[in-house]
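Data first, discussion second: the structure below is written as structure tokens.
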Amino acid sequence: MALREILVVPHPVLKQVSQPVEQVDDELRALMDDMLETMYDAPGIGLAAIQVGVPERILVIDLQRRITPVDDEGNEVEDEARDIREPQYFVNPEIVWESEEYGVYNEGCLSVPEMYGDVERPARVRVKWLGYDGAAHEEELDGLLATCLQHEMDHLDGILFVDHLSKLKRDMIMKKLTKARKGK
Ligand code: NI
């Protein structure tokens, strides 16, 4: 496994539309392993292949379950809390249904470092995809997973979370980013 470089706005490749994967093979799995390692290292909860410069319809997501042990008196011991990794791989993901009900999350993105904004998306989606072994899946997702998946799927069509914000807010974020980069 190897770390890959994460492209950051305004890199033009991030605007590219990714192509469907024809076959889930060892080469593709090696890419997914790299993507996952890169995402953990960043750290982030989701990454699309285009963010490491590969224009193929592939995502990795890991929301990591936080386990907090409880002491004898039933109090949570925050110091001993740890995150359990639960990687999920989505090849050629496709939304086949979305709820009329919407949810709002304060989203961020590894390609728009340290910037956040509220984005409204369908609260639940039904998704079809191929897994790490190439097997077909179909499931209804909700909560943070539904949001994260839609955010990552946007990347496959060259869309960033900032594209969902008002022009004013987007311009503000881009300006801050340019300034931060100059400061380095
Ligand atoms: Ni993103």
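Annotations
- Yes/no for L149 being within 15 Å of the ligand (Cβ to nearest atom) and in a helix (DSSP H, G or I): yes
- Tally of residues being in a helix (DSSP H, G or I) and more than 24 Å from D41 (Cβ to Cβ) across the range 113-146: 2
- For the range 12-31, taking the residues that are over 15 Å from D133 (Cβ atoms) and under 18 Å from the mean Cα position of the chain (by Cα), the one that is most open to solvent (accessible area, probe 1.4 Å) is identified as K15.
- Residue in the range 155-175 that is in a strand (DSSP E or B), away from the ligand (no atom under 16 Å from the Cβ) and open to solvent by less than 70 Å² (accessible area, probe 1.4 Å) present: no
- The test for being loosely packed, with under 14 Cβ neighbours inside 10 Å, closer than 24 Å to V112 by Cα and within 16 Å of the ligand (Cβ to nearest atom) does not hold for V9.
- Residues in the range 77-90 that are more than 16 Å from the ligand (Cβ to nearest atom) and buried (at least 17 other Cβ atoms within 10 Å of the Cβ): Y89 only.
- Some residue of the range 97-104 being open to solvent by less than 40 Å² (accessible area, probe 1.4 Å) and either on the phi < 0 side of the Ramachandran plot or modelled with pLDDT of 95 or more (or both): yes
- Single unsatisfied condition, M115 versus (1) away from the ligand (no atom under 16 Å from the Cβ); (2) surrounded by 11 or more Cβ atoms within 10 Å (Cβ to Cβ); (3) farther than 30 Å from E27 by Cβ: (1)
- Only one of the numbered conditions (1) open to solvent by 20 Å² or more (accessible area, probe 1.4 Å); (2) away from the ligand (no atom under 16 Å from the Cβ) is violated by G131, and that is (1).
- Residues (in contact with a Ser or Thr (Cβ under 9 Å, 6 or more places away or on another chain) and more than 16 Å from M153 (Cβ to Cβ)) located in the range 50-90: V52, E76, V77, E78, E80, A81, R82
- Under the condition of being without any contact (Cβ under 8 Å) to a residue 12 or more places away in the chain and touching a helix residue (DSSP H, G or I) at 6+ places or on another chain (Cβ under 9 Å), the residues counted in the range 35-70 number 0.
- Residue count for the range 32-76, restricted to those that are aliphatic (A, V, I, L, M), open to solvent by less than 40 Å² (accessible area, probe 1.4 Å) and away from the ligand (no atom under 16 Å from the Cβ): 1
The values are calculated or read from the model by the stated rules, or taken from the named source; none is laboratory data. Source: prediction; values computed, not measured. A quick note on method: Cβ atoms are made from the backbone with ideal geometry, for glycine too, and the neighbour counts reach across all protein chains shown. These area figures cover heavy atoms from the full protein model, side chains too; ligands, DNA and RNA do not enter into them. Shrake-Rupley method; radii C 1.70, N 1.55, O 1.52, S 1.80 Å.
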